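Read through the structure below, which is laid out as structure tokens, and then see the notes.
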Amino acid sequence: MFQCFSMECSLKPFKQTDDAYVRSVARRIFAHWKPLLKHVPVVSILLWVGDGSEILDYDRDDSVELEWGRYAGSANTRVTTWYKDRDPRREGLHSRSYRYIEDPPVITYGTLRRIIAILKEEGKAALGEGHTIRVGETFDPGPEFANSSFKYVRHPEICSNSRTMGNFIYANATLHADDHAYAGFPDGIPEGLPLGTFLGRQAQIFLSEMGFDYLWLSNGFGFGRETWSTTGAVFDGETFDVSALPEVRDDVFSFWRYFRAECPDFPVETRGTNMSVGIDYAKDGVPLYDMYHGGFNFLPPPNSPWAALDGDFGLELMGYLSRIADLPEDKRYLFRYYLHDPWWMNSPWYDRYQGQPHDLYMPLSCARLDEAGEVNLPTHMNILTIDNTLGDMPDNCVNESLPHILKAVKDAPDAPAPVVWVYPFREYCTTTDDGMIRRMFAGDWFVRGAINHGFPLTMVVSTDNFASADKARFAASVLFAPVPDAGSDYEESILSYAEAGGKVLFYGSVDGASERFLRVAGLRRAGQGVAGVLPVSVRGVERGVFKHDPLLGAGLVNTVADGAEVLASSGDYALATVRGRVAWVRGDVSSDYVPTQRLLIPQDERAFYASELLALEALASFGWSVSFERDPGQRSPILLYSRNNNALMLSAYLPSTTVKTSLGTPLGAPLFLGYETKLEDGRSTYCFPKAEHRECRFFVSDMKDGYLSARELPPVSFIYRRRIGLYGLRDATVRVLGEEYCKEDMLFTLNGVIDEYTVSSEIEVELKKDENGTYFEARHVTGDLVVSMKRPGYKPQPLAEADAVTNVRSGTPNYL
């Protein structure tokens with residue numbers, strides 16, 4: 001369970017500000033979430049007061065009225081763009097703002113201080129001793145949430161003037177002089193004062209005097225110039241200006257130095273960007289490694305909430321995994337879930353997620369591995385937000401989502417996943433090499449596309465942690481790793497692992513690779529290389545054409561097989577290969593840069609083959625097969641594998657529920673509990689619903705076709721705690737994963753009587769321990785198999801004399 005659970009909330013629920021009303025709202029907050037809060041030692045309320053201008057304007061006068069977030073829509077109309085052709089009557093929320101109720105309350109600094117104190121008092125009363133109650137303040141760089149005369153009247157010079165975020169303030173901006181009185185600058189702001197210095201001093205005073213416990217920096221503030229865009233201070237959409245990196249990197253880093261010099265001790269939590277570590281560095285010079293290890297005491301950024309808006313879960317998950325590959329020394333990190341929106345009149349649980357829990361189960365199936373190869377789970381969780389745009393807190397939204405949160409926590413990964421991403425976090429954040437910059441940019445975008453096409457990636461380990469970890473921890477995993485640069489420490493550790501028989505799927509251009517890597521992978525560079533629209537063949541079958549952009553794809557297609565088996569090719573050039581237990585994919589980015597769009601735009605698969613699918617072709621070489629039956633215009637399912645309690649766990653999202661999924665694993669076709677499946681060519685097939693989260697303990701091989709079902713069964717036993725059944729077997733080999741506590745001691749019965757499962761039908765099984773884990777195997781099984789797991793700590797109880805029965809007979813009991 002989490003160390004800290006935070007409920008983000010605007011001031012809108014406080015529709016009246018008398019003590020009795022404020023207390024009633026506070027009590028309802030803690031009552032709503034108590035089934036989760038009672039397990040968590042630190043409970044936080046993160047208040048969205050306004051946009052943070054209340055910090056900038058603070059002058060210690062409690063009677064001053066706050067400009068708080070009492071709007072729906074764009075609060076700062078002076079910088080709002082009205083697209084008149086699309087909204088001729090100017091009714092849309094992006095063209096104007098509305099008061100959320102007819103007569104919003106007046107809130108002063110004194111009112112805010114009182115609300116904070118009441119929240120802490122009521123939290124203590126609701127949860128009792130053993131819980132710390134915190135209240136946090138938010139700071140947002142944009143124009144969305146509240147009117148800001150500081151940003152847009154007195155100091156517009158701090159706006160970034162960037163193409164995509166021109167109305168957002170830039171963390172490293174400098175201020176012009178003014179004579180306005182502030183708490184930290186009673187005589188006004190001197191000319192050229194760094195914004196980090198001003199914000200730090202104001203925050204130190206404001207947080208202390210209001211009773212806040214920490215600060216949240218929102219929407220990428222402190223993480224570069226273009227936090228929502230593909231472009232930035234280094235990449236402009238046409239070129240990578242690597243020469244600008246040292247200055248840009250120091251520019252980002254300096255904000256944190258200025259800020260912490262004035263506000264040294266208050267904890268800071270961060271939203272970060274919508275991108276990844278590699279993309280942020282390659283396009284905007286964000287030195288996240290130095291920031292993590294600079295002593296700045298901030299919580300690393302969580303998963304981006306944007307997937308709720310655009311469905312790009314590949315970008316959300318890839319970015320999240322990249323940011324947690326390395327962590328500050330305390331190893332804390334955050335998962336954030338988008339429940340309501342207090343500004344833009346939507347509640348994602350209902351109207352973006354359709355009441356489906358995929359954006360809970362998928363990111364909560366993700367985790368990192370530390371320097372010992374041990375799983376580190378998120379220590380913090382935030383709900384964005386517990387109130388909606390009208391200031392209401394609907395009971396149903398909590399009641400429907402909370403059971404899924406609790407189940408996702410219960411099923412959290414506890415062992416290395418089937419696929420583990422080896423991520424060069426430190427190397428990416430410190431390089432000035434032009435080739436590496438291009439390769440990290442291309443590589444992270446490729447991984448985004450691979451996840452969006454069903455690549456089951458849920459776990460990450462940094463190259464530094466991989467080097468120190470016990471390599472036996474990865475025996476049941478396929479490592480997914482960028483091609484290492486020649487002569488690097490990472491090259492030595494990953495190639496030594498591959499040469500010793502470890503399973504590795506490499507991706508990316510080989511332009512920076514050594515001869516040693518090429519020899520291990522069975523590749524060589526050849527010819528001038530090609531780009532543009534190229535033919536593609538997969539396992540000998542023509543698949544149309546794909547489009548290779550050397551700017552986005554880190555150079556030309558220029559690699560041929562030299563000892564490796566070719567899985568996919570374009571003419572003479574290899575696109576995917578395998579040699580023994582080492583596979584490689586070129587890692588093309590099947591997306592285009594469009595200057596008017598923030599993100600790379602996926603190409604139309606009706607015209608171009610999606611190169612990211614080749615990651616699945618290569619993964620199948622290790623026994624992990626994932627394929628989909630879909631029309632080219634349909635999006636692929638997102639399918640994630642993790643491990644919990646010695647089971648294989650599935651978490652999935654299907655943009656189209658008409659898509660058919662076929663699956664295989666090294667242990668056989670997976671049979672998910674609660675499902676029926678049709679075996680086709682030895683693989684299990686499913687038509688999953690919009691969102692799914694399932695446990696798998698049965699795997700079947702040597703049965704090419706037929707219908708099977710796997711079920712949870714009532715134990716009806718004092719001896720056995722759990723029974724699971726597999727039905728419809730025909731001369732099959734069955735492999736079974738028991739729960740961790742009993743994985744070497746289970747009862748197997750065949751075609752037994754329901755609710756009895758007598759030992760008279762017990763079958764022979766073999767306990768196996770190999771690179772696939774610990775499991776039981778039964779061969780030539782026909783019929784219905786039931787597996788029983790004993791209660792932990794069960795001790796046989798001899799029959800007492802009073803338990804003797806005289807009515808002994810054969811046959812079926814009459815209660816059945």
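The values are calculated or read from the model by the stated rules, or taken from the named source; none is laboratory data. Computed from a predicted model, the values in this text were never measured in an experiment. Reconstructed Cβ throughout: ideal geometry from the backbone, glycine too, with neighbour counts over all protein chains shown. Note: areas computed on protein heavy atoms with side chains; ligands, DNA, RNA excluded. Shrake-Rupley method; radii C 1.70, N 1.55, O 1.52, S 1.80 Å.
Some points to look at:
- Selection from the range 391-429 of residues that are farther than 21 Å from residue 1 by Cα, open to solvent by less than 30 Å² (accessible area, probe 1.4 Å) and either aliphatic (A, V, I, L, M) or free of Cβ contacts under 8 Å to residues at least 24 places away in the same chain (or both): 393, 419, 420, 422
- Selection status of residue 372, of a type outside the set (Asp, Glu) and in contact with a strand residue (DSSP E or B) (Cβ under 7 Å, 6 or more places away or on another chain): no
- Among the candidates 40, 49, 64, 25, residue that is of a type in the set (A, V, I, L, M) and farther than 20 Å from residue 384 by Cβ: 64
- Residue in the range 178-213 that is farthest from residue 160 (Cα to Cα), counting only those that are small (Gly, Ala, Ser) and assigned to a loop (DSSP other than H, G, I, E, B): 211
- Cross-chain or 6+ apart pairs with Cβ under 7 Å, the range 461-476 first and under 20 Å from residue 623 (Cα atoms), then open to solvent by 60 Å² or more (accessible area, probe 1.4 Å) and of a type in the set (D, E, K, R): 475/771; 476/771
- Number of residues in the range 564-605 that are part of a loop (DSSP other than H, G, I, E, B), under 16 Å from residue 533 (Cβ atoms) and either without any contact (Cβ under 8 Å) to a residue 40 or more places away in the chain or out of contact with any helix residue (DSSP H, G or I) (no Cβ under 9 Å at 6 or more places or on another chain) (or both) equals 4.
- The conditions of being more than 28 Å from residue 503 (Cα to Cα), open to solvent by 50 Å² or more (accessible area, probe 1.4 Å), among the basic types (Lys, Arg) and at pLDDT below 95 are met by residue 598.
- Those residues of the range 320-334 which are crowded, with 24+ Cβ neighbours inside 10 Å and closer than 16 Å to residue 382 by Cβ, in sequence order: 320, 323, 324, 334
- Verdict on residue 654 being closer than 26 Å to residue 577 by Cα and without any contact (Cβ under 8 Å) to a residue 60 or more places away in the chain: no
- Hey, residue 117 within 23 Å of residue 269 (Cβ to Cβ), open to solvent by 30 Å² or more (accessible area, probe 1.4 Å) and part of a helix (DSSP H, G or I) or not: yes
- Residue within the range 102-110 that is surrounded by 14 or more Cβ atoms within 10 Å (Cβ to Cβ), touching a strand residue (DSSP E or B) at 6+ places or on another chain (Cβ under 8 Å) and assigned to a loop (DSSP other than H, G, I, E, B) present: yes
- Only listed residue being open to solvent by less than 30 Å² (accessible area, probe 1.4 Å), in contact with a Pro (Cβ under 7 Å, 6 or more places away or on another chain) and more than 20 Å from residue 435 (Cα to Cα), chosen from 537, 570: 570
- Residue match in the range 155-165 (condition: more than 30 Å from residue 236 (Cα to Cα) and out of contact with any helix residue (DSSP H, G or I) (no Cβ under 7 Å at 6 or more places or on another chain)): no
- Candidate set from the range 540-550 (those that are of a type in the set (D, E, K, R) and in contact (Cβ under 8 Å) with a residue 60 or more places away in the chain); member that is most open to solvent (accessible area, probe 1.4 Å): 543
Rundown of residues vs (1) assigned to a strand (DSSP E or B); (2) of a type in the set (Val, Ile, Thr); (3) surrounded by fewer than 17 Cβ atoms within 10 Å (Cβ to Cβ), yes/no style:
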position: 651; (1), (2), (3): yes, no, no
position: 657; (1), (2), (3): no, yes, yes
position: 677; (1), (2), (3): yes, yes, no
position: 684; (1), (2), (3): yes, no, no
position: 694; (1), (2), (3): yes, no, no
position: 700; (1), (2), (3): yes, yes, no
position: 707; (1), (2), (3): yes, no, yes
position: 723; (1), (2), (3): yes, no, no
position: 726; (1), (2), (3): yes, no, no
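- In the range 659-669, residue surrounded by the most Cβ atoms within 10 Å (Cβ to Cβ) [restricted to those that are in a strand (DSSP E or B) and either in contact with a Lys or Arg (Cβ under 9 Å, 6 or more places away or on another chain) or among the basic types (Lys, Arg) (or both)]: 669
- Any hit, the range 345-356, residues being over 30 Å from residue 92 (Cβ atoms), outside any loop (DSSP other than H, G, I, E, B) and open to solvent by 10 Å² or more (accessible area, probe 1.4 Å): no
- Cβ-Cβ contacts under 8 Å between residues 6 or more apart (or on different chains), taken from a first residue in the range 353-378 that is without any contact (Cβ under 8 Å) to a residue 40 or more places away in the chain to a second residue that is of a type outside the set (A, V, I, L, M) and in a loop (DSSP other than H, G, I, E, B), are listed as 377/413.
- Residues of the range 606-648 that are in contact (Cβ under 8 Å) with a residue 40 or more places away in the chain, surrounded by fewer than 20 Cβ atoms within 10 Å (Cβ to Cβ), assigned to a loop (DSSP other than H, G, I, E, B) and of a type in the set (S, T, N, Q): 645, 646.
- Of the helices (runs of 4 or more DSSP H) lying entirely inside the range 1-90, those containing at least 1 residues that are open to solvent by 40 Å² or more (accessible area, probe 1.4 Å) are 19-32, 34-37.
- Residue list for the range 538-563, restricted to those being on the phi < 0 side of the Ramachandran plot, under 33 Å from the mean Cα position of the chain (by Cα) and in a loop (DSSP other than H, G, I, E, B): 549, 550, 551, 552, 553, 556
- Only one of 501, 527 that is open to solvent by 10 Å² or more (accessible area, probe 1.4 Å), part of a strand (DSSP E or B), over 15 Å from residue 278 (Cβ atoms) and touching a residue at least 12 places away in the same chain (Cβ under 8 Å): 527
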